[in-house]
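Each reported figure results from applying straightforward, stated rules to the coordinates on display, with no laboratory input. No experiment lies behind these values; they were computed from the predicted model shown. Cβ placement follows ideal geometry from the backbone for every residue including glycine, while neighbour counts extend to all protein chains displayed.
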Amino acid sequence: MNPNFDLVIFDCDGVLVDSEVISCRAHAETLTRHGYPITAEQVLERFLGVSDREARQTIEREIDRRLPDDFEQQVKAATLKFYEGDLQAIAHVGEAIGAIVLPKCVASSGTPEKIRHGLTCAGLYDQLAPHIFSATQVSRGKPAPDLFLFAAKQMNISPERCIVIEDSVPGVTGGRAAGMTVLGFHGGSHCRPGYGNRLRDAGAVAVFDDMRHLPGLMEKIGVEATPNRTVY
């Protein structure tokens, strides 16, 4: 494995588990029930990669009232219900994780319970535990760099020695703000044509849509790219 990196930081939703469509559906149904009509597609467009806490704050500012105190619990219950029947791992991600010999961790906008449950349902938890970090552990979620810097500190790795795998513009932005190299993944079921270009425009040094390409792409990036140079 390329000597330019010492740690791989994976986002969870949309990178490890194909959950973004499920999560957006749960949020849309719960918000609509509480007087904020929104579709799953609109949730995806507006809040992909944003922490639940910050999405809630945005919505409460728009409606000028607080959502129910147990709103997050309601969304969580709906999400976990859908997970049981619909959640799958991103294709080939287990093999990609196994092929990468560097230390690995997860840095996700989800709650610890949601991350753990999603990874367990997808059969990936044992490959990545216990190095799993949540936006609930920092004051600011993505696109701020806090979560990535927290993960690197917990793993005792300098930020510039980290490579981040992200599927959202806020995630790419946060990883770059942390001084890390970021790869943009656009192979989840929520990604529309042209989505990879959005990740590249946000600062990903390269984009890809097949996890089988990740180990080789990391090698290529280490040789040909720096955090300020794009590989096409």
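Brief remarks follow.
- Fewest-first ranking of V21, V106, using other Cβ atoms within 10 Å as the exposure measure: V21, V106
- Two-decimal log10 I(q)/I(0) for the chain, as the Debye equation yields it once each C-alpha is a single scatterer, q = 0.18 Å⁻¹: -1.37
- Projected label points at R65 and E95, each 7 Å from Cα along the beta carbon direction, are separated by 5.2 nanometres.
- Alpha-carbon centroid distance for the pair the range 115-143 / the range 54-89, whole angstrom: 17 Å
- Longest to shortest principal axis, alpha-carbon extents of the range 152-223, angstrom: 37, 25, 19
- Residues within the reach of a label modelled at E72 (point 7 angstrom out along Cα to beta-carbon, backbone nitrogen below 11 Å), restricted to the range 137-173, are 137-138.
- Nearest 10 degrees, 0 to 90: helix 20-33 Cα axis against the chain principal axis: 20 degrees
- Shape box of the range 20-86 [Cα atoms, principal axes, largest first, Å]: 35, 24, 19
- Estimated FRET transfer efficiency when R0 is 30 angstrom, pair K153-N197 (beta carbons, to 0.05): 0.40
- Violating pairs (Cα-Cα greater than 31 angstrom) within the set K76/K104; K114/K220; K81/K153: K114/K220; K81/K153
- Antiparallel DSSP beta bridges within the chain, as percent of all bridges there, nearest 5: 5 percent
- Ranked F150, F133, criterion: other C-beta atoms within 10 Å, fewest first: F150, F133
- Theoretical ellipticity at 222 nm over the chain - DSSP helices of four or more residues, -39500 (n - 2.57) apiece, nearest 500: -13500 deg cm²/dmol
- Residue order, fewest to most beta carbons within 10 Å, for D86, D6, D126: D126, D86, D6
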